[in-house]
Amino acid sequence: MQTTTITIKKAKRLHGEISIPGDKSISHRAVMFGSLARGTTEVTNFLQGADCLSTIDCFRRLGIEIENTPERILVHGKGLHGLTAPSDILDAGNSGTTTRLISGILSAQPFVSTLTGDASIQKRPMKRIMEPLSMMGAKIESLSGNGCAPLKITGQPLHGIHYHSTVASAQVKSAILLAGLYAEGQTMVTEPALSRNHTEIMLKGFGADVKSQDKTAILTPGHDLYAQKVEVPGDISSAAYFLSAALLVPDSEVLVKNVGINPTRDGILRVIRDMGGNFELLNEKTSAGEKTADILIRTSSLHGVEIGGEIIPTLIDELPVIAVLAAYANGRTVIRDAAELKVKESNRIDTVVTALKAMGCDIVATDDGMIIEGGRPLHGAVIDSHADHRIAMSFAVAALVADGETQILGGECVNISYPAFYRDLKNLICP
Ligand code: S3P
């Protein structure tokens, strides 16, 4: 149920520093792979968002002891064959990553599990994992018969496949690769465009034999996983709101610290540059295969751009806030090849277009994206978040530059990926 209305007014200026909380995708994977590894995996800068807590909860129910303290997470892994049958239904909450990745693992376990989630999860498409996992020998049933959760998964002996995915989805790719850890023979996934590669990087770090060749990931089973120390980089998807706010609010300068800039995730930086945005990457580092940097960003005069093709998977979660940037940029922005937006936590083509229209933007939805005629001044409005964290945060940014006041209904959904979001944003706003 949506409960909290957040009110945000136009801001004069943003100034200061912000350290970005841990990456959601990497936090999930650290708990999952740590559970399947031998020994104790220590995770620092773990994202304490509701989605990642759902992953912890599911693995605890599968018999893994996980200690969660503010400083670090300790995952006491039991090896590839150490999970035990859950005594209850596994609840993935709002998390697509938990639902899809754990399905790959459960498909190969010697027990039956039932997996469900909230109202949004029960509408999101699971056929995209049910099909390839079934081809590997898995037995997965959608209990409502509509290709969505709840899913009943009866573990089976699996065999490797070469899957040509029609969608560029890291969740699909990862579910198949995780099942591949247990399969007989090699498992390969070829994507139409390369999606985020955190699974390939981290699984390799844990000792799996994973190779990437262009748009194909190849996993050869037969290797145990071993516990690792994982320092989770800041989430570029969370950084995106501060980068955007600093670009749009007049006279701003913000240092956004510890941002993961893995090239399969950094599309927003390329789009900001194309739009004329002014930023510098400082303090670049690589840790366990993941690149990070601090980003110094200033108010910039932006212009419209065309966004489509292979860049889309590298900025899929940032498209709502990119649409906000486009609404304030001069000229036309076209977003295409992004039909995946329709099957996220909300239908993000609909939710973004409706919300920007309510603020006075000239915008139309298309089948696979939207067309935005930017540059008109926007005004405050009542925005329904549809319980979608990325919609709430994107429109908090839009509100900072709109005339008057904006109300965000169900604003508490930021807990999914960024519990301290409003506090961190407020800290940057100059009086
Ligand atoms: C994620 C992959 C993406 C992304 C989601 C997290 C992941 O979803 O939108 O927020 O952690 O693998 P798809 O794989 O469905 O594109």
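The values are calculated or read from the model by the stated rules, or taken from the named source; none is laboratory data. Worth saying up front: this structure is predicted, and the values here are computed from it rather than measured. Cβ atoms come from the backbone with ideal geometry, glycine included; neighbour counts cover every protein chain shown. For the accessible areas, the whole protein counts, side chains as well, though only heavy atoms, and no ligand, DNA or RNA atoms are used. Shrake-Rupley method; radii C 1.70, N 1.55, O 1.52, S 1.80 Å.
A residue that is without any contact (Cβ under 8 Å) to a residue 24 or more places away in the chain and within 16 Å of the ligand (Cβ to nearest atom) can be found somewhere in region 326-344.
Quick one: how many residues across region 324-339 are surrounded by fewer than 18 Cβ atoms within 10 Å (Cβ to Cβ) and out of contact with any strand residue (DSSP E or B) (no Cβ under 6 Å at 6 or more places or on another chain)?
Total meeting the criteria: 2.
On the stretch given as region 386-413, residues that are under 19 Å from the mean Cα position of the chain (by Cα) and within 18 Å of I322 (Cβ to Cβ) total 10.
Output yes when any residue across region 350-367 is under 21 Å from L248 (Cα atoms), of a type in the set (A, V, I, L, M, F, W, C) and open to solvent by 20 Å² or more (accessible area, probe 1.4 Å), and no when none is. Scanning region 350-367 turns up at least one residue that is under 21 Å from L248 (Cα atoms), of a type in the set (A, V, I, L, M, F, W, C) and open to solvent by 20 Å² or more (accessible area, probe 1.4 Å). Within region 33-43, at least one residue is within 14 Å of the ligand (Cβ to nearest atom) and either in the same structural domain as K204 (by TED's automatic domain parsing) or out of contact with any Pro (no Cβ under 6 Å at 6 or more places or on another chain) (or both). Of the set (1) more than 16 Å from the ligand (Cβ to nearest atom); (2) open to solvent by 10 Å² or more (accessible area, probe 1.4 Å); (3) out of contact with any helix residue (DSSP H, G or I) (no Cβ under 9 Å at 6 or more places or on another chain), all apply to Q109 but (2).
Out of curiosity, is I20 in contact (Cβ under 8 Å) with a residue 60 or more places away in the chain and more than 25 Å from K78 (Cβ to Cβ)? Here the answer is yes, as I20 does meet what is asked.
Residues in region 47-79 that are of a type in the set (A, V, I, L, M, F, W, C) and in contact with a Pro (Cβ under 9 Å, 6 or more places away or on another chain): 4 in all.
Which of the residues spanning region 354-393 are assigned to a helix (DSSP H, G or I) and either within 17 Å of I312 (Cα to Cα) or in contact with a helix residue (DSSP H, G or I) (Cβ under 8 Å, 6 or more places away or on another chain) (or both)?
Across region 354-393, the qualifying residues are A355, L356, H389, R390, I391, A392, M393.
Looking only at residues of region 202-220 that are open to solvent by 30 Å² or more (accessible area, probe 1.4 Å), under 23 Å from G82 (Cα atoms) and not basic (K, R), we find that the one that is nearest to the ligand (Cβ to nearest atom) is G205. When C58 is tested against the conditions (1) away from the ligand (no atom under 16 Å from the Cβ); (2) touching a residue at least 24 places away in the same chain (Cβ under 8 Å), the lone failure is (1).
Considering only residues that are part of a helix (DSSP H, G or I) and surrounded by fewer than 24 Cβ atoms within 10 Å (Cβ to Cβ), which ones fall in region 401-415?
Across region 401-415, the qualifying residues are V401, E412, N415.
Across region 138-197, the number of residues qualifying as touching a Phe, Trp or Tyr at 6+ places or on another chain (Cβ under 8 Å) and within 16 Å of the ligand (Cβ to nearest atom) comes to 3.
For V321, the criteria (1) modelled with pLDDT under 95; (2) open to solvent by less than 10 Å² (accessible area, probe 1.4 Å); (3) not basic (K, R) hold in every case but one, which is (1).
Kindly indicate whether any position in region 112-133 is within 13 Å of the ligand (Cβ to nearest atom), within 26 Å of H389 (Cβ to Cβ) and hydroxyl-bearing (S, T, Y). Scanning region 112-133, I find at least one residue that is within 13 Å of the ligand (Cβ to nearest atom), within 26 Å of H389 (Cβ to Cβ) and hydroxyl-bearing (S, T, Y), so the answer is yes.
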